[in-house]
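First comes the structure, then the notes that go with it.
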Amino acid sequence: MTDLQKKMADKLGLSTEDFQPKKATKVDELEAQVLYTALMTDTLIEEGKEDV
């Protein structure tokens, strides 16, 4: 980051960690696998239903 970028980030209350890519958790990986499998098998997954 340049000095100007650091000053702007400080004024906005941001840190250098806010600009780093977030690491995927195990839950994120599992959700991605489920959604990919549903897409490949043409299965409809509706969020918000109690009986899913």
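Can you tell me which residue is surrounded by the most Cβ atoms within 10 Å (Cβ to Cβ) among those in the stretch 7-27 that are in a loop (DSSP other than H, G, I, E, B) and among the hydrophobic types (A, V, I, L, M, F, W, C)? So, considering only residues that are in a loop (DSSP other than H, G, I, E, B) and among the hydrophobic types (A, V, I, L, M, F, W, C), the one surrounded by the most Cβ atoms within 10 Å (Cβ to Cβ) is 14. In the stretch 15-52, the qualifying residues are those that are hydrophobic (A, V, I, L, M, F, W, C) and within 30 Å of residue 1 (Cα to Cα), and the one that is modelled with the highest pLDDT is 24.
The values are calculated or read from the model by the stated rules, or taken from the named source; none is laboratory data. Worth saying up front: this structure is predicted, and the values here are computed from it rather than measured. Note that each Cβ is placed from the backbone with ideal geometry, even for glycine, and that neighbours are counted across all protein chains shown.
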